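The values are calculated or read from the model by the stated rules, or taken from the named source; none is laboratory data. Since the structure is predicted, the reported quantities are computational estimates derived from the model, not experimental observations. Glycine also receives a Cβ, built like all others from the backbone with ideal geometry; neighbour counts cover every protein chain displayed.
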Amino acid sequence: MIVALAGGVGGAKMANGLEMASQAPITVVVNTADDFELFGLRICPDLDTVMYTLSGLANPVTGWGIEGDTRVTLDAIERYLGPGWFMVGDQDVGTHIVRTDALRTGHVLSAITAMMTEALGVRSSILPMTNDIVETIVVTPDGPLAFQDYFVRRKQQDQVDGIRFKGAGSAAALPDALDAIERAEVIVICPSNPLVSIGPILAIPGYREALKSSVAPRIAVSPIVGGKALKGPADRMMATTGHEVSALGVARMYEGLIDGLVIDDQDRGLAAEIESLGIAVRITDSIMNTIEDRKRLGRDVLDFAATVSR
Ligand code: FO1
């Protein structure tokens, strides 16, 4: 079994590529520290992005939300409240209503996600990192911001001086996720933001230990290519929180947790220094613009994993 750790859009594409390359269901452990409440609805952006991507429903332009979704509900809400800042489409609202109601009646997020993925015909297991509430707080010169305030409402314009994961220390790692990591044949850290997508997973007691004690090859795919983030603010966040903004910087962040790092052709000059950390390197075209790119990168990752020993 392949186990992938993932955040939002980049993680979802990689998970899809791994599924296609292996022609088998995989297990995806997903960040839930971006989750928040809007209009009384519980929204889990990364879980939904992975779920919509693996079910073929995802909006191919944004990577999040549902393709062809409409905004009748949002327009009606805006008649009362004025312009909103978070675009929830009508079909997407259906997901949030069902999830919120199920949570209210005592179901846990992992069970709700399993029900939803089954209904959408997803064969892979999509596991929230925890059933407990963990919240990413972004520390900025204007004070602490809830993650979606920083990311969507304020358009990632604030300088990030620090990042906290409220509740992570006392959250329980999902037992099925720890079990999957323990039994995995290959573990992949997807090209998601290492600070705010993979960081929250690693902040929950149990995940680092499970990665360290697993006997499977552990491969990360760098989300930094040519000194820039493939998507989102990871590059600026890394710079202002004291990390080198490069695939080498990513390698240092995952040192001790990975055996191999997939880097882009553009970064081949960094290979020797990454290898000097005891991390094997695979150089490839790591940019996923098309569905075929996802599959090709998935194949590369799995071929590489087969050559990497623990
Ligand atoms: N990202 C945006 O930049 N703007 C939006 O209006 C927005 C709406 C949205 C709705 C549902 C959903 O599942 C995701 C949505 N996202 C939106 C993406 C999301 O908030 C972020 O990309 C992730 O939290 C970061 O991984």
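Being within 13 Å of the chain's Cα centre (by Cα), near the ligand (Cβ under 9 Å from one of its atoms) and at pLDDT 95 or above narrows it down to one residue among Val9, Val30, Val88; which is it?
Only one candidate qualifies: Val9.
Of the residues Pro83, Pro191, Pro128, only one is within 30 Å of Arg299 (Cβ to Cβ) and either within 13 Å of the ligand (Cβ to nearest atom) or loosely packed, with under 13 Cβ neighbours inside 10 Å (or both); which?
That would be Pro191, the only listed residue that is within 30 Å of Arg299 (Cβ to Cβ) and either within 13 Å of the ligand (Cβ to nearest atom) or loosely packed, with under 13 Cβ neighbours inside 10 Å (or both).
Looking at (1) among the aliphatic types (A, V, I, L, M); (2) assigned to a loop (DSSP other than H, G, I, E, B); (3) touching a residue at least 12 places away in the same chain (Cβ under 8 Å); (4) farther than 23 Å from Asp300 by Cα, which is the one condition that is false for Ala24?
(4)
For the subset of the range 35-80 comprising residues that are in contact with a His (Cβ under 7 Å, 6 or more places away or on another chain) and more than 10 Å from the ligand (Cβ to nearest atom), which member is nearest to Val138 (Cα to Cα)?
If we take residues in the range 35-80 being in contact with a His (Cβ under 7 Å, 6 or more places away or on another chain) and more than 10 Å from the ligand (Cβ to nearest atom), then Arg42 is nearest to Val138 (Cα to Cα).
Picking from Ile258, Ile274, Ile283, which residue would you name as being in a strand (DSSP E or B) and either under 18 Å from Ile198 (Cβ atoms) or in contact with a helix residue (DSSP H, G or I) (Cβ under 6 Å, 6 or more places away or on another chain) (or both)?
Ile283
Between a first residue in the range 142-161 that is basic (Lys, Arg) and a second residue that is surrounded by 13 or more Cβ atoms within 10 Å (Cβ to Cβ), which pairs have beta carbons less than 8 Å apart while being 6 or more apart in sequence or on different chains?
Arg153/Phe86; Arg154/Leu145
If I filter the range 47-73 down to residues being acidic (Asp, Glu) and either modelled with pLDDT under 95 or in contact with a helix residue (DSSP H, G or I) (Cβ under 7 Å, 6 or more places away or on another chain) (or both), which single residue comes out as surrounded by the fewest Cβ atoms within 10 Å (Cβ to Cβ)?
This residue is Asp69.
Specify the residue that is surrounded by the most Cβ atoms within 10 Å (Cβ to Cβ); the eligible residues are those in the range 146-170 that are within 13 Å of the ligand (Cβ to nearest atom) and outside any loop (DSSP other than H, G, I, E, B).
Out of the qualifying residues, it is Tyr150.
Rundown of residues vs (1) of a type outside the set (A, V, I, L, M); (2) at pLDDT 95 or above; (3) surrounded by fewer than 18 Cβ atoms within 10 Å (Cβ to Cβ); (4) over 23 Å from the mean Cα position of the chain (by Cα), yes/no style:
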| position | (1), (2), (3), (4) |
| --- | --- |
| Val250 | no, yes, no, no |
| Val262 | no, yes, no, no |
| Asp267 | yes, yes, no, no |
| Leu270 | no, yes, no, yes |
| Ser276 | yes, yes, yes, yes |
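Just a yes or no: is a residue in the range 173-187 touching a Lys or Arg at 6+ places or on another chain (Cβ under 7 Å) and closer than 25 Å to Val301 by Cα?
yes
When both residues are 6+ apart or on different chains and their Cβ atoms are under 9 Å apart, which pairs have a first residue that lies in the range 36-52 and is more than 19 Å from Val122 (Cβ to Cβ), and a second that is near the ligand (Cβ under 8 Å from one of its atoms) and in a strand (DSSP E or B)?
From the range 36-52, the pairs are Phe36/Ile43; Glu37/Ile43.
If you take the residues of the range 183-212 that are assigned to a helix (DSSP H, G or I) and in contact with a helix residue (DSSP H, G or I) (Cβ under 6 Å, 6 or more places away or on another chain), which of them is farthest from Ser22 (Cα to Cα)?
The extreme case among them is Leu195.
For the range 171-180, what are the residues that are surrounded by fewer than 24 Cβ atoms within 10 Å (Cβ to Cβ) and either in contact (Cβ under 8 Å) with a residue 60 or more places away in the chain or in a helix (DSSP H, G or I) (or both)?
Selection gives Pro175, Asp176, Leu178, Asp179, Ala180.
Out of the residues in the range 91-125 that are surrounded by 14 or more Cβ atoms within 10 Å (Cβ to Cβ) and among the hydroxyl-bearing types (Ser, Thr, Tyr), state the one that is farthest from the chain's Cα centre (by Cα).
Thr100
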